[in-house]
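**Q** Encoded as structure tokens, here's the structure I'll be asking about.
The values are calculated or read from the model by the stated rules, or taken from the named source; none is laboratory data. All values derive from a computational prediction rather than experimental measurement. A quick note on method: Cβ atoms are made from the backbone with ideal geometry, for glycine too, and the neighbour counts reach across all protein chains shown.
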Amino acid sequence: MRLSMVGTGYVGLVTGVCLSNTGNHVTCLDVDARKVEMLRRGECPIYEPGLTDLMARNAASGRLVFTTDAVAAHRDADMIFICVGTPSDERGHTDLSYIFKAADDVADMLSSLGPQQKTKVVVVKSTVPVGTTLQVKERIRARVGPAIPFEVANNPEFLKEGAAIDDFNKPDRVVVGVEKPEVGERMRDLYDPFVRNGHPVFLMDILSSEMVKYASNNFLATKISFINEMANLCEAYGADINKVREGMCSDKRIGSQFLYPGLGYGGSCFPKDTLACIMMGDKAGIPARLSQAVHDVNQRQRERFFDKIMGHFGAKGGTGGGGNGGLSGKTLAFWGIAFKPRTDDIREAPALTLMRKALGYGAAVRAFDPVANENARKELGPSVQVLDDMYETLKGTDALVISTDWDEFKSPDFARMAELMKGKAIFDGRNLYRLSQMAELGFAYHSVGRAPVKGK
């Protein structure tokens, strides 16, 4: 098939590259001319393992091209995928202006071709509030009139950053929302190479398809907030969340995925999609109280962890300052800036929250991340010293905060760490180390859902 992708962000680029790799001809469209030139040179604007090599291979074959020309991108396409950003505000209200601009561009192209053209399918792949795909259809129809043929579909993405290529090539399921069965069959043909492992393609109505994405992400976010709430109870009563987790996750009805205690979820999907469910509930007059609780627990988790740091340095009740001890004049090292390993995405990252709070209480902050340093420098500016070596980051610091569970941090040289650090204190937001190990090494050690180690 001939396909076009509107937007070369995370979803559009991964989708375009993977679909071109199965023999389709894919044109990726973006309004950013500098980004398009970068892609043409074979430079990938995002960090995703395996993506750059796959992109280069398919570009060299001629199956994958990049352009800023909407007419050239869409003119010969059988399907047009809208993969633009849908940012939301702090209340979960989604900005659909990029979606509607893409729809208008498609409409103008359809009008220029006239009524004799083949029927194109406009596929909304961006995560959008329920009802948006049908709004796109109405918007295009209003601009092209009744004679121009086209169809719409919804096809939510389920890509985990850091594992997106594998997720696309070996999906648990493909979800497609359509109005007509024949459109569903065209979508099934497109995805057939990816589901030969027997996993299903679910064809359903468009509204249900849109809701699947929100329901899925909201449920996963709920699991994360749940285990963090249990971790807080473990701390209060002296239990060990790691042992509690092992005991509960052996139940096949529960499983183990997304049930790891820590600093809470971040990134671009879980926060946005949970807030969107809250917003949709408010709009419909059906308050999404569980979703609201999930969001609240997640935000409080960062506050609770920061209180541990403050408490260690002599400040109580979340207050700092020179007269009450606290962080004033202290230096904190951070290992991990990205919201999760195997990505350079720092959106809604817990590390950013903790760093900014530490700066606000007068601390100096140094940080290291294996791949997210450049994004962190752009986001944080000179207020945080971002270094390119994990041990260099520790020199002369009063404590280490671990905020991302990169493999590099799991078995470090503890003797070297003790020599470099002024204070032997570790605040581990990912529970990377054993309590007995930390006690033996003499570190003051604070983790999540486990008793603290006092240190020597």
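**Q** Would you be able to tell me the number of residues in region 346-375 that are among the hydroxyl-bearing types (Ser, Thr, Tyr) and closer than 16 Å to ASP398 by Cα? Quick ask: steps written out before the conclusion?
**A** Kept after step one, since they are among the hydroxyl-bearing types (Ser, Thr, Tyr), are these residues of region 346-375: 353, 361.
Subsequent filtering for residues that are closer than 16 Å to ASP398 by Cα retains 361.
Qualifying residue count for the region: 1.
**Q** Let me confirm something: among ALA236, ALA284, which residue is out of contact with any Ser or Thr (no Cβ under 7 Å at 6 or more places or on another chain), without any contact (Cβ under 8 Å) to a residue 24 or more places away in the chain and within 26 Å of THR353 (Cα to Cα)?
**A** Working: ALA284 fails: within 26 Å of THR353 (Cα to Cα).
Just one listed residue meets the conditions, ALA236.
**Q** Checking the conditions here, which among THR319, THR274 is at pLDDT 95 or above and polar (S, T, N, Q)? First the steps, then the outcome.
**A** Numbers: THR319 fails: at pLDDT 95 or above.
Step by step, each of THR319, THR274 is checked, and only THR274 is at pLDDT 95 or above and polar (S, T, N, Q).
**Q** Additional query: Return a yes/no flag: does region 116-134 have any residue that is surrounded by fewer than 19 Cβ atoms within 10 Å (Cβ to Cβ), free of Cβ contacts under 8 Å to residues at least 24 places away in the same chain, outside any helix (DSSP H, G or I) and over 23 Å from the mean Cα position of the chain (by Cα).
**A** Yes: one or more hits.
**Q** Taking region 374-389 as the region of interest, how many residues are under 18 Å from ILE346 (Cα atoms) and touching a residue at least 12 places away in the same chain (Cβ under 8 Å)? Give the derivation first.
**A** Of the residues in region 374-389, the ones under 18 Å from ILE346 (Cα atoms) are 374-388.
Of the ones still in play, those that are also touching a residue at least 12 places away in the same chain (Cβ under 8 Å) are 374-376, 379-380, 383-388.
Residues meeting the conditions: 11.
**Q** Restricting to region 161-190, count the residues that are free of Cβ contacts under 8 Å to residues at least 40 places away in the same chain and surrounded by 17 or more Cβ atoms within 10 Å (Cβ to Cβ).
**A** So the count comes out to 7.
**Q** Now for a separate question. Here are some conditions: (1) surrounded by fewer than 15 Cβ atoms within 10 Å (Cβ to Cβ); (2) part of a helix (DSSP H, G or I); (3) in contact with a strand residue (DSSP E or B) (Cβ under 7 Å, 6 or more places away or on another chain). GLY396 meets all but one. Which one does it not meet?
**A** Single failed check for GLY396: (2).
**Q** If you don't mind, another one. Is it the case that ILE241 is in contact with a Phe, Trp or Tyr (Cβ under 7 Å, 6 or more places away or on another chain), of a type outside the set (Gly, Ala, Ser), under 25 Å from PHE427 (Cα atoms) and touching a residue at least 60 places away in the same chain (Cβ under 8 Å)? It would help to see each step written out before you state the result.
**A** Working: in contact with a Phe, Trp or Tyr (Cβ under 7 Å, 6 or more places away or on another chain): no; of a type outside the set (Gly, Ala, Ser): yes; under 25 Å from PHE427 (Cα atoms): yes; touching a residue at least 60 places away in the same chain (Cβ under 8 Å): yes.
Considered against the rule, which asks whether it is in contact with a Phe, Trp or Tyr (Cβ under 7 Å, 6 or more places away or on another chain), of a type outside the set (Gly, Ala, Ser), under 25 Å from PHE427 (Cα atoms) and touching a residue at least 60 places away in the same chain (Cβ under 8 Å), ILE241 comes out as no.
**Q** Checking the condition among the small types (Gly, Ala, Ser), touching a Lys or Arg at 6+ places or on another chain (Cβ under 6 Å) and either farther than 27 Å from MET355 by Cα or in contact (Cβ under 8 Å) with a residue 40 or more places away in the chain (or both), which residue from SER291, SER268 passes?
**A** Working: SER291 fails: touching a Lys or Arg at 6+ places or on another chain (Cβ under 6 Å).
Exactly one of SER291, SER268 is among the small types (Gly, Ala, Ser), touching a Lys or Arg at 6+ places or on another chain (Cβ under 6 Å) and either farther than 27 Å from MET355 by Cα or in contact (Cβ under 8 Å) with a residue 40 or more places away in the chain (or both), namely SER268.
**Q** Here's another thing I want to ask about it. Applying the selection to region 38-49, what residues are in contact (Cβ under 8 Å) with a residue 12 or more places away in the chain and farther than 13 Å from GLY7 by Cβ?
**A** Let us first name the residues in region 38-49 that are in contact (Cβ under 8 Å) with a residue 12 or more places away in the chain, namely 39-40, 42, 44-49.
Residues satisfying the conditions are ARG40, GLY42, CYS44, TYR47, GLU48, PRO49.
**Q** Now for a separate question. Going by what's in this entry, would ILE346 be described as modelled with pLDDT of 95 or more, within 21 Å of the chain's Cα centre (by Cα) and under 23 Å from LEU387 (Cβ atoms)?
**A** Details: modelled with pLDDT of 95 or more: yes; within 21 Å of the chain's Cα centre (by Cα): yes; under 23 Å from LEU387 (Cβ atoms): yes.
Judged against the criteria, ILE346 is a match.
**Q** If you check every pair at least six apart or on different chains, which have Cβ atoms under 9 Å apart with a residue in region 295-309 that is closer than 18 Å to ALA236 by Cβ first and a residue that is of a type in the set (Gly, Ala, Ser) and exposed (fewer than 15 other Cβ atoms within 10 Å of the Cβ) second?
**A** Close Cβ pairs (under 9 Å, with a partner that is of a type in the set (Gly, Ala, Ser) and exposed (fewer than 15 other Cβ atoms within 10 Å of the Cβ)) amount to GLU303/GLY318; PHE306/GLY318; ASP307/GLY317; ASP307/GLY318.
**Q** Any idea which of LYS101, LYS35 is without any contact (Cβ under 8 Å) to a residue 24 or more places away in the chain, over 30 Å from PRO287 (Cα atoms) and part of a helix (DSSP H, G or I)?
**A** Values: LYS35 fails: without any contact (Cβ under 8 Å) to a residue 24 or more places away in the chain.
Answer to the selection: LYS101.
**Q** Okay, next question. Return the residues of region 25-46 that are among the aliphatic types (A, V, I, L, M) and surrounded by 14 or more Cβ atoms within 10 Å (Cβ to Cβ); say none if nothing qualifies. Reasoning before the result, please.
**A** So in region 25-46, the residues among the aliphatic types (A, V, I, L, M) come out as 26, 29, 31, 33, 36, 38-39, 46.
Of everything in region 25-46, those that are among the aliphatic types (A, V, I, L, M) and surrounded by 14 or more Cβ atoms within 10 Å (Cβ to Cβ) turn out to be VAL26, LEU29, VAL31, VAL36, MET38, LEU39, ILE46.
**Q** Right, another one. Quick check: anything in region 326-333 touching a residue at least 40 places away in the same chain (Cβ under 8 Å), touching a helix residue (DSSP H, G or I) at 6+ places or on another chain (Cβ under 6 Å) and not charged (D, E, K, R)?
**A** Quick first cut of region 326-333, residues touching a residue at least 40 places away in the same chain (Cβ under 8 Å) only: 330-333.
Now narrow it down to the ones that are touching a helix residue (DSSP H, G or I) at 6+ places or on another chain (Cβ under 6 Å): 332-333.
If we keep only those that are not charged (D, E, K, R) too, we end up with 332-333.
Yes, the conditions are met somewhere in region 326-333.
**Q** Give the residue that is farthest from CYS18 (Cα to Cα), with candidates limited to residues of region 40-73 that are under 28 Å from the mean Cα position of the chain (by Cα), of a type in the set (Ser, Thr, Tyr) and outside any loop (DSSP other than H, G, I, E, B).
**A** THR67
**Q** It is to be established whether one or more residues within region 209-219 are part of a helix (DSSP H, G or I), touching an Asp or Glu at 6+ places or on another chain (Cβ under 6 Å) and of a type in the set (A, V, I, L, M).
**A** Within region 209-219, not a single residue is part of a helix (DSSP H, G or I), touching an Asp or Glu at 6+ places or on another chain (Cβ under 6 Å) and of a type in the set (A, V, I, L, M).
**Q** Among the listed residues ASP405, ASP398, which satisfies the condition of being in contact with a Phe, Trp or Tyr (Cβ under 8 Å, 6 or more places away or on another chain) and either without any contact (Cβ under 8 Å) to a residue 40 or more places away in the chain or not basic (Lys, Arg) (or both)?
**A** Details: ASP405 fails: in contact with a Phe, Trp or Tyr (Cβ under 8 Å, 6 or more places away or on another chain).
None of the others qualify; the one that does is ASP398.
**Q** Contact list please: Cβ distance under 8 Å, first residue in region 50-78 and more than 23 Å from THR119 (Cβ to Cβ), second residue aliphatic (A, V, I, L, M) and surrounded by fewer than 16 Cβ atoms within 10 Å (Cβ to Cβ), pairs at least six apart or on different chains.
**A** THR68/ALA33
**Q** Could you run through region 74-94 and say how many residues are within 22 Å of ALA33 (Cα to Cα) and either among the polar types (S, T, N, Q) or outside any loop (DSSP other than H, G, I, E, B) (or both)? Walk me through it before giving the result.
**A** If we filter region 74-94 for residues that are within 22 Å of ALA33 (Cα to Cα), which is where we start, we get 74-77, 80-87.
Among the residues that remain, those that are also either among the polar types (S, T, N, Q) or outside any loop (DSSP other than H, G, I, E, B) (or both) are: 74, 80-82, 86.
Within region 74-94, residues that are within 22 Å of ALA33 (Cα to Cα) and either among the polar types (S, T, N, Q) or outside any loop (DSSP other than H, G, I, E, B) (or both) number 5.
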